[in-house]
Amino acid sequence: MELMEKIVSFCKRRGFIFPSSEIYGGFGSGYDFGPLGVEMKNNIKRLWWDEMTKFHENIVGLDAAILMSPKVWEASGHLSAGFADELLECKECHKRFRLDEIVNPKSKRSPQGRQGGGRVGVQNPNCPDCGGELTQPRKFNLMMKTFVGPVEDEASITYLRAETCQGIYMNYENVLSSMRLKIPFGICQIGKAFRNEITPKDFIYRTREFEQMEMQWFCHKKETEKWFDFWKKERMKWYLNLGIKKENIRFREHKKEELAHYAQKAVDIEYKFPFASPAGRQGWKEIEGIHDRGDWDLSNHSKFSGKDLKYFNDETKEKYFLHIIETSAGVDRSLLAFLIDAYEEVKGARTKTTEAVKETEIVLHLDKKLAPIKVAVLPLVKNKEELVKKSKEIYNLLKFHFVCQYDEVGSIGRRYRRQDEIGTPFCVTVDFDTLKQDDVTVRDRDTMKQERIKTEGLFQFFRENLTK
Ligand code: ATP
């Protein structure tokens, strides 16, 4: 089985990710996050949010509405210029493809015709699936249309946002004045975005509904280069600090012809996924973009709304449009990268002291901060009342501070494997010595080292070991 197939089946089996509306045969290649998936997703979002708002005193948060005036999307270029992909259809098997998937997999998608790099140089490509003849490319707008209110007419049309950053531009003035910010400063937001993708695929890598974590950094024009480099490094550090292996992550700078209309400069952070586009890009795919957007957004919204969105610098007494450096990450894509990077299969048992459950054991070496369950509390056996009682006491003591799981089903070896598989960093085993000495065995997922710890010291132990 290919690695990606294994990951998809693992995610379903262990409660990370399920196909959407599965009992009706699925829907639009969408996915739902299960009990462990949502814990992990919340961890990613919390870590990003803390990184932005706690470690940078000049970044503030925002949570703007998904539905906005359609004028926003007119001004941003998503409607008039066509936030569009070029679509081709196979005349034989009727499968649909994006032009850039087939002939120019590196091209950047952006508003204003998401090709950025313009038309492709390859003539009459064939269907990558059946070799059949393809239709001529035609533009396909990716905005998800909807109606507000009870009447479905032209006047009530609006769109589900295709990117969260427009909500930030809409509130730029409100935030600036209510928080009394001075440049440089940032506004960040996490939220859902929607794109009517022609070919949602590669599990949760490309879906029609996804979540973004975006930060817009407002600065003086003269400082854009400095801040672009700063944010580029900061964002790479974030992934590395959370355990992504160095050899699986890289920067890719966009060539001039790939740049979106608003971008002066753009760099993607790419992860080496175990899948490639039909034209074979070796798996390197974008998980985050860092963009120098110039003054495109604020000046354009000024022009369209008639509202002066210039910044007044009360030290120099100058008035000008601020320039924006954007960091735009996908929650779903980074979750997938973290999962794949952490996934290890071990042939046979990892230890000789407990029996192998299967021919191959899975260990998810997730960073402790990302792991959905932090501590599993396990009575050595379930048919000894005192052990169960003590285990529940410990579970109740820890559960308010860390996400814990109580598990008494199966042999202790089997339970360790189950926790290794979902990436739980520590297991606490309550045995007969616990009843005499009031200490427990704490087992480390990665080293399998076991140490005895007094129950009264458990909270302190986990506080120290789960946060560093
Ligand atoms: P791609 O070229 O892969 O479609 P993009 O360049 O259009 O991506 P951006 O507009 O820069 O993407 O969006 C920023 C981030 O939002 C991406 O790096 C990605 O993590 C996430 N993202 C964008 N589109 C999708 C999607 N369809 N499914 C999941 N995540 C997405």
Selection from 259, 296, 271 lying farthest towards where the dipole of the stretch 200-316 points positive, charges on Cβ:
271
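Please sort 127-134, 148-155 by packing, taking for each peptide the average over its residues of neighbouring beta carbons within 10 angstrom, highest first. Let's see the in-between values first.
Details: 127-134: 14.6, 148-155: 9.1.
Ranked from most to least packed, the peptides come out as 127-134, 148-155.
Are there DSSP H segments in the chain that both extend 24 Å or more along their axis (alpha-carbon positions) and score a mean Kyte-Doolittle hydropathy of at least 1.6? List them, or say none.
Details: long enough: 35-53 (27 Å, -0.75); 224-241 (25 Å, -1.53).
Correct list, ordered by number: empty.
Show me the trypsin sites (Lys or Arg not before Pro) within the stretch 150-195 that DSSP assigns to loop and that have at most 14 other Cβ atoms within 10 Å of their Cβ. Write down the numbers at each step before the final one.
Values: sites: 161, 180, 182, 192, 195; in loops: 161, 180, 182, 195.
Loop-located and lightly packed - 180, 182.
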Inter-probe distance in nm under a simple model that places probes 7 Å from Cα toward Cβ, at residue 360 and residue 54:
3.8
Return the subset of 54/182; 374/468; 265/303 for which the Cα-Cα distance in this structure is over 19 Å, preserving the input order.
265/303
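Assign unit charges at the C-beta atoms only (+1 for Lys and Arg, -1 for Asp and Glu), then state the dipole size of the chain relative to its Cα centre in Debye, rounded to the nearest 20.
540
Give the peptides 228-240, 248-260 in descending order of average Cβ contacts within 10 Å, highest first.
Numbers: 228-240: 17.1, 248-260: 15.4.
By packing density, highest mean first, the sequence is 228-240, 248-260.
When the chain is fully extended, how far beyond the present Cα-Cα distance does residue 65 get from residue 223, taking 0.36 nm per residue of separation?
Details: separation 158, 0.36 × 158 = 56.88 nm, distance 3.08 nm.
Length gained, residue 65 through residue 223: 53.8 nm.
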Reported to the nearest 10 Å², residue 324 has, with a 1.4 Å probe, an accessible area equal to 0
Signed unit charges on C-beta, dipole axis of the stretch 146-291, positive-most listed residue 215, 198, 228:
228
Would you check the accessible area of residue 464, probe 1.4 Å, heavy atoms only, in square angstrom rounded to 10?
100
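Roughly speaking, what is the stretch gain from residue 401 to residue 467, that is 0.36 nm per residue apart minus the C-alpha to C-alpha distance, in nm to one decimal?
Working: separation 66, 0.36 × 66 = 23.76 nm, distance 1.18 nm.
Working it through step by step, the gained length comes to 22.6 nm.
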The chain, helix-only ellipticity at 222 nm - DSSP H runs n ≥ 4, -39,500 (n - 2.57), divided by all residues, nearest 500:
-8500 deg cm²/dmol
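Going by accessible area, probe 1.4 Å, with all protein chains left in place, what is the ranking of 388, 38, largest first?
Working: 388 25, 38 60 Å².
Output order, biggest surface exposure first: 38, 388.
What FRET efficiency comes out for the pair residue 250/residue 201, r = Cβ-Cβ distance, R0 = 22 Å, nearest 0.05?
Numbers: r = 22 Å, r/R0 = 1.01.
Once the sixth-power term is evaluated, E becomes 0.50.
Calculated FRET efficiency, residue 433 and residue 350, Cβ-Cβ r, R0 22 Å, to nearest 0.05? Please report the intermediate quantities before stating the final value.
Details: r = 24 Å, r/R0 = 1.09.
That pair, residue 433 with residue 350, gives E of 0.35.
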5 angstrom amide H check on residue 311, placed H, neighbours 5+ away:
320, 321, 322
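Give the relative contact order (percent, whole number) for the chain; include only Cα pairs under 8 Å separated by 6+ residues. Don't jump to the answer; show the numbers that get you there.
Numbers: 881 pairs, mean separation 57.4, N = 468.
That works out to 12 percent.
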Mind listing the long-range amide H neighbours of residue 211? Cut-off is under 5 Å, sequence gap 5 or more, other chains count too, H placed in the peptide plane at 1.01 Å from N.
193, 331, 332
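Which of the chymotrypsin sites (Phe, Trp or Tyr not before Pro) found in the stretch 410-468 are loop residues per DSSP with 12 or fewer other Cβ atoms within 10 Å of their Cβ? Let's see the in-between values first.
Details: sites: 416, 426, 432, 459, 461, 462; in loops: none.
Counting only loop positions with at most 12 other Cβ atoms within 10 Å, none of the chymotrypsin sites (Phe, Trp or Tyr not before Pro) in the stretch 410-468 qualifies.
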Any idea what the dipole of the stretch 55-103 comes to, in debye rounded to 20, about its Cα centre with Lys/Arg Cβ at +1 and Asp/Glu Cβ at -1?
180
Between residue 180 and residue 46, what length in nm is gained on full extension when 0.36 nm per residue of separation is reduced by their alpha carbon distance?
45.7 nm
Place +1 on the Cβ of every Lys and Arg and -1 on the Cβ of every Asp and Glu in the stretch 337-442, take the dipole about the Cα centre, and give the residue among 339, 419, 378 whose Cα lies farthest towards its positive end.
378
Please give the net charge around residue 374, taking every other residue with its beta carbon less than 11 angstrom from that of residue 374, where Lys and Arg add +1 and Asp and Glu add -1.
+4
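The values are calculated or read from the model by the stated rules, or taken from the named source; none is laboratory data. Nothing here was measured: the structure is a model prediction, and the numbers come from that model. Don't worry about glycine lacking a Cβ; one is built from the backbone with ideal geometry, like all the others, and counts go over all protein chains shown. For accessibility, only protein heavy atoms count, side chains too; no ligands or nucleic acids. Shrake-Rupley method; radii C 1.70, N 1.55, O 1.52, S 1.80 Å.
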